[in-house]
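The structure appears right after this line, and notes come after that.
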Number of protein chains: 2
Amino acid sequence: MSSKITPLSGFPEWLPPQRLIEQEILGRVQRTFELYGFAPLETRAVEPLDQLLRKGETSKEVYVLRRLQADENDTSDDQLGLHFDLTVPFARFVLENAGKLQFPFRRYQIQKVWRGERPQEGRYREFYQADIDIVDRDTLPAHYEAEIPLVIGDALGGLPIPKVKIQVNNRKVLEGFYRGLGIESTEEVLRQVDKLDKIGPDQVAAILEKQGLSPQQTGRILALAEIQAPDSGFADRIKQLGVTDPLLDEGVEELARVMDTAVAEKPGLVVADLRIARGLDYYTGTVYETLLEGYERFGSISSGGRYDNLATSGKDVFPGVGISIGVTRLLAILFGRDALTASRSVPTAVLVAVTSEEERPRSVAAAAALRRNGVPTEVAPNAAKFGKQIRYAERRGIPFVWFPGEQDSVKDIRSGEQVDADAATWTPPQEDLRPIITGTV
Amino acid sequence: MSSKITPLSGFPEWLPPQRLIEQEILGRVQRTFELYGFAPLETRAVEPLDQLLRKGETSKEVYVLRRLQADENDTSDDQLGLHFDLTVPFARFVLENAGKLQFPFRRYQIQKVWRGERPQEGRYREFYQADIDIVDRDTLPAHYEAEIPLVIGDALGGLPIPKVKIQVNNRKVLEGFYRGLGIESTEEVLRQVDKLDKIGPDQVAAILEKQGLSPQQTGRILALAEIQAPDSGFADRIKQLGVTDPLLDEGVEELARVMDTAVAEKPGLVVADLRIARGLDYYTGTVYETLLEGYERFGSISSGGRYDNLATSGKDVFPGVGISIGVTRLLAILFGRDALTASRSVPTAVLVAVTSEEERPRSVAAAAALRRNGVPTEVAPNAAKFGKQIRYAERRGIPFVWFPGEQDSVKDIRSGEQVDADAATWTPPQEDLRPIITGTV
């Protein structure tokens with residue numbers, strides 16, 4: 001490797017202590033998903049380009065693959081690209097394997113995704129997403145839309161990170177409300193409302209009026225977007241705006257259910273926020289975004305919604321609801337503030353010292369005995385003076401050094417306390433067995 | 001998704017029960033790596049093409065990336081390819097981050113890799129590798145070469161798979177022996193010896209003699225390749241061949257050490273096999289291959305060795321030793337024989353029945369209570385007759401159904417036994433908490 005080596009912008013890599021943290025966070029998220037009965041799934045990293053380009057908006061973000069040695073006439077791989085999310089591959093997987101799956105099908109999927117974007121702060125070209133989705137055949141009961149925030153609340157609530165707030169809305173409320181106002185191009189209005197956080201209400205109003213909406217219509221649209229409520233009280237405030245439409249009623253009922261369930265199970269976690277629109281066009285019902293308290297300006301770290309038409313092939317229809325946690329994004333925000341630390345940089349709890357190279361087998365045997373009891377153990381790299389071997393442990397945060405002898409002993413190098421011990425039976429205190437991840441926010 | 005959907009050859013995807021098995025196997029391998037103090041690492045999926053092409057042989061297997069919307073003058077991504085193994089990215093990572101790492105540096109890395117090969121049986125374009133490596137600055141003690149087989153023995157030995165046999169050799173033995181025979185182009189001989197399993201000794205001899213070696217030289221080369229021993233007894237058999245060379249002596253000593261350690265710690269796991277050469281040209285000392293008993297014809301499922309020159313930049317030299325488990329390959333072999341099964345297709349241990357949609361909140365609350373005790377729990381999709389709800393559980397292998405009521409009760413649907421229970425305190429027997437993976441070989 002003689003050429004100059006520099007990091008690639010947009011492709012984050014963590015050092016071992018950060019990777020320990022990432023792994024712990026991914027592991028806890030996974031365990032929560034499993035507690036809710038989601039089955040594990042992993043799809044290949046590549047999809048045929050025509051599947052990836054179904055959502056026109058994101059087409060520019062796709063990385064296309066080419067075999068280095070492919071000759072010009074070989075087009076077998078021409079149509080493959082790296083997936084840019086886990087929802088499109090999941091929809092494809094469901095259609096491909098529908099006959100072998102049990103519906104409703106609950107799955108989680110924790111994988112890297114890739115986007116060929118120009119890198120900028122907070123945007124990555126390669127990053128982890130942790131997704132859950134529930135799909136059913138033909139119809140999907142609305143109660144699943146109420147379950148999703150509970151899962152995310154548990155998954156993120158159990159982590160050493162700032163509190164999260166899940167903002168929920170329903171596309172039927174927005175579309176129904178706009179229809180009730182006599183607007184036909186509801187998608188266009190949604191797109192503008194999506195910009196509220198970026199350009200503010202005055203500019204959104206100006207754009208909408210330029211597109212032909214009346215000041216009255218625009219005023220109601222903005223009034224709806226201002227509604228926030230910690231419970232189903234949002235419904236009365238919508239009613240006060242005096243707009244009626246059957247789709248609106250349906251959406252209000254669904255959103256109220258989500259709020260009622262959240263209030264009963266996780267008070268304070270979820271807020272109805274009628275401003276949330278989600279630009280992606282495949283959502284058809286509930287939509288979710290999630291903010292980290294104190295880090296609101298970084299935007300949503302977990303988003304999703306209900307989609308009725310994503311996994312559809314001929315007469316086979318699989319409506320679904322899902323949400324994705326942007327794990328790399330979340331970690332990068334917290335790493336940037338040194339808000340997460342690991343108690344050590346290696347899994348090792350015990351370093352077994354080596355008295356002399358001739359006696360290394362005794363150290364190897366002691367390490368094997370400790371490992372049989374589940375204690376992560378390394379043997380010292382060489383038979384240096386014990387002080388140097390202890391510094392090897394110190395630099396990595398390894399809490400214990402083991403000294404083989406006629407009578408083995410073990411030293412807690414933090415306190416300096418050293419006691420006689422038997423490798424066949426000794427274990428460290430539970431809290432020293434694995435690195436501990438702590439949040440400082 | 002209206003276009004026809006078919007699997008992509010070479011990109012395996014597992015259904016949830018198989019993914020459960022894969023996850024369990026990856027998890028156990030990971031825990032073993034951590035027991036030996038290897039730190040977790042993950043590198044980005046892409047590397048600059050010039051790094052990937054350092055090993056000329058594999059250049060034809062690389063997938064190159066291109067941004068779909070890149071214009072012709074934009075060459076910023078032209079030089080990126082997907083990694084085809086985890087060793088080359090690791091060597092690059094070490095050079096890039098040497099100042100931030102503690103040496104000797106022990107890391108494990110479990111990731112997908114990609115090869116743009118023409119698919120054929122047992123060859124994949126996307127697959128999991130699970131690697132461990134130990135690198136040090138300037139010099140690396142030889143005892144690490146003896147440690148690697150112990151780790152692999154524990155990692156694979158703890159799995160519900162057939163017994164493994166690790167075959168070990170040392171490149172110094174081969175090169176020294178060939179030099180001692182007066183041969184200069186030792187690499188070329190290595191390449192031919194590597195073909196022994198494929199074309200047999202007669203053809204290898206014919207090729208070597210065609211290249212100018214004498215029948216005596218060829219005879220000794222083949223005699224060396226025939227040596228196998230369960231311990232350091234291989235050394236005497238080499239001596240009997242009457243070839244001497246300082247490099248040969250060095251290699252014999254190193255190989256003897258690997259064998260002595262293995263015999264002391266894991267008798268029967270490792271065999272010295274002087275036929276093993278490993279075609280890859282970066283190995284400089286010990287080399288490893290691993291066969292699965294009863295599946296020998298599928299070849300090695302875990303290979304590696306010592307490399308002195310892979311992570312080198314100017315005066316910075318980081319010799320290393322490592323090994324890689326081909327997890328996807330291993331699983332595909334065993335899945336193909338139905339040799340691994342999961343006790344259920346979902347993580348769920350309990351399905352909470354729903355009496356009526358109005359009373360769903362009661363079921364949701366019972367599920368939340370069970371989850372607080374770590375019991376993976378789902379709520380039934382609808383308030384169908386209980387018989388139908390029980391069949392929902394049966395089809396997925398969920399062992400328990402929970403019935404909320406004035407007095408909650410729980411039914412083991414395998415035995416039919418139903419008992420009163422309290423969701424705040426009840427837990428299933430330990431063996432029912434998670435799916436169990438069993439091997440049938």
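The values are calculated or read from the model by the stated rules, or taken from the named source; none is laboratory data. In this text the structure is predicted, and so the values were computed from the model without any measurement. FYI the Cβ positions are ideal-geometry reconstructions off the backbone, even for glycines, and counts take in every protein chain you see. These area figures cover heavy atoms from the full protein model, side chains too; ligands, DNA and RNA do not enter into them. Shrake-Rupley method; radii C 1.70, N 1.55, O 1.52, S 1.80 Å.
Of everything in region A:422-441 that's surrounded by fewer than 15 Cβ atoms within 10 Å (Cβ to Cβ) and assigned to a loop (DSSP other than H, G, I, E, B), which residue is farthest from the chain's Cα centre (by Cα)?
A:Asp422
Could you tell me how many of the residues in region B:183-194 are more than 19 Å from B:Pro215 (Cβ to Cβ) and open to solvent by 80 Å² or more (accessible area, probe 1.4 Å)?
Qualifying residue count, region B:183-194: 2.
Find the residue count for region B:212-239, including only residues that are under 37 Å from the mean Cα position of the chain (by Cα) and not in a helix (DSSP H, G or I).
8
Does any residue of region A:359-376 turn out to be assigned to a loop (DSSP other than H, G, I, E, B) and touching a Lys or Arg at 6+ places or on another chain (Cβ under 9 Å)? Give the derivation first.
Initial filter on region A:359-376 (assigned to a loop (DSSP other than H, G, I, E, B)): A:373-376.
With touching a Lys or Arg at 6+ places or on another chain (Cβ under 9 Å) added as a condition, the list becomes A:374, A:376.
The answer is yes, given that some residue of region A:359-376 is assigned to a loop (DSSP other than H, G, I, E, B) and touching a Lys or Arg at 6+ places or on another chain (Cβ under 9 Å).
Which of (1) outside any loop (DSSP other than H, G, I, E, B); (2) in contact (Cβ under 8 Å) with a residue 24 or more places away in the chain; (3) out of contact with any strand residue (DSSP E or B) (no Cβ under 6 Å at 6 or more places or on another chain) does B:Leu291 not meet, given it meets every other one?
In the conditions (1) outside any loop (DSSP other than H, G, I, E, B); (2) in contact (Cβ under 8 Å) with a residue 24 or more places away in the chain; (3) out of contact with any strand residue (DSSP E or B) (no Cβ under 6 Å at 6 or more places or on another chain), B:Leu291 misses (3) alone.
Could you please let me know if A:Asn382 is over 40 Å from the mean Cα position of the chain (by Cα), more than 20 Å from B:Tyr108 (Cβ to Cβ), within 14 Å of another protein chain (Cβ to nearest Cβ) and open to solvent by 20 Å² or more (accessible area, probe 1.4 Å)?
In short, yes.
Taking A:Ala272 as meeting all but one of (1) within 14 Å of chain B (Cβ to nearest Cβ); (2) more than 19 Å from the chain's Cα centre (by Cα), write down the number of the exception.
A:Ala272 satisfies all of (1) within 14 Å of chain B (Cβ to nearest Cβ); (2) more than 19 Å from the chain's Cα centre (by Cα) except (1).
Tally up the residues in region B:195-219 that are of a type in the set (Ser, Thr, Tyr) and open to solvent by 10 Å² or more (accessible area, probe 1.4 Å), please.
1
Please go through region B:118-155 and pick out each residue that is at the interface with another protein chain (Cβ under 10 Å from one of its Cβ atoms) and of a type in the set (Asp, Glu).
Matches in region B:118-155: B:Glu126, B:Asp136, B:Glu147, B:Asp154.
Out of (1) within 14 Å of chain A (Cβ to nearest Cβ); (2) open to solvent by 30 Å² or more (accessible area, probe 1.4 Å), what's the single condition that is false for B:Phe105?
B:Phe105 satisfies every listed condition except (2).
Based on this model, can you work out whether A:Arg275 counts as in contact with a Leu (Cβ under 9 Å, 6 or more places away or on another chain), within 24 Å of A:Lys198 (Cα to Cα) and not in a helix (DSSP H, G or I)?
Spelling it out, A:Arg275 is indeed in contact with a Leu (Cβ under 9 Å, 6 or more places away or on another chain), within 24 Å of A:Lys198 (Cα to Cα) and not in a helix (DSSP H, G or I).
From the list A:Arg306, A:Arg414, A:Arg329, A:Arg337, exactly one residue is farther than 27 Å from B:Arg137 by Cα, touching a residue at least 12 places away in the same chain (Cβ under 8 Å), basic (Lys, Arg) and buried (at least 23 other Cβ atoms within 10 Å of the Cβ). Which is it?
Sole residue among the options that is farther than 27 Å from B:Arg137 by Cα, touching a residue at least 12 places away in the same chain (Cβ under 8 Å), basic (Lys, Arg) and buried (at least 23 other Cβ atoms within 10 Å of the Cβ): A:Arg306.
Within region B:173-182, does at least one residue satisfy the condition of being within 30 Å of A:Val364 (Cα to Cα) and under 15 Å from the mean Cα position of the chain (by Cα)?
Scanning region B:173-182 turns up no residue that is within 30 Å of A:Val364 (Cα to Cα) and under 15 Å from the mean Cα position of the chain (by Cα).
For region A:44-59, indicate whether the set of residues that are modelled with pLDDT of 95 or more and aliphatic (A, V, I, L, M) is non-empty.
Yes, region A:44-59 contains at least one residue that is modelled with pLDDT of 95 or more and aliphatic (A, V, I, L, M).
Which count do you get for residues in region A:128-153 that are more than 24 Å from A:Arg275 (Cβ to Cβ) and more than 13 Å from the chain's Cα centre (by Cα)?
Residues that pass the stated criteria total 9.
Residue under question is B:Val317, and the condition is that it be open to solvent by less than 50 Å² (accessible area, probe 1.4 Å), more than 26 Å from the chain's Cα centre (by Cα) and within 20 Å of B:Arg107 (Cα to Cα); does it hold?
When the stated conditions are applied, B:Val317 passes them.
Go through the residues of region A:120-128 one by one and say whether even a single one is closer than 17 Å to A:Ser303 by Cα, open to solvent by less than 10 Å² (accessible area, probe 1.4 Å) and out of contact with any helix residue (DSSP H, G or I) (no Cβ under 7 Å at 6 or more places or on another chain). Lay out the reasoning, then the answer.
Taking region A:120-128 and keeping what is closer than 17 Å to A:Ser303 by Cα, we get A:122-124, A:127-128.
Next, from what is left, pick out any that are open to solvent by less than 10 Å² (accessible area, probe 1.4 Å): none.
Checking region A:120-128: not a single residue is closer than 17 Å to A:Ser303 by Cα, open to solvent by less than 10 Å² (accessible area, probe 1.4 Å) and out of contact with any helix residue (DSSP H, G or I) (no Cβ under 7 Å at 6 or more places or on another chain).
Which of the helices (runs of 4 or more DSSP H) found entirely inside region B:98-200 contain at least 3 residues meeting this: more than 18 Å from B:Arg220 (Cβ to Cβ)?
B:143-157
Only one of these is in contact with a Phe, Trp or Tyr (Cβ under 7 Å, 6 or more places away or on another chain) and open to solvent by 10 Å² or more (accessible area, probe 1.4 Å): B:Lys100, B:Lys112. Name it.
Result of the check over B:Lys100, B:Lys112: B:Lys112.
With respect to B:Arg344, is the statement that it is in contact with a strand residue (DSSP E or B) (Cβ under 6 Å, 6 or more places away or on another chain) and either open to solvent by less than 30 Å² (accessible area, probe 1.4 Å) or closer than 25 Å to A:Leu140 by Cα (or both) true?
no
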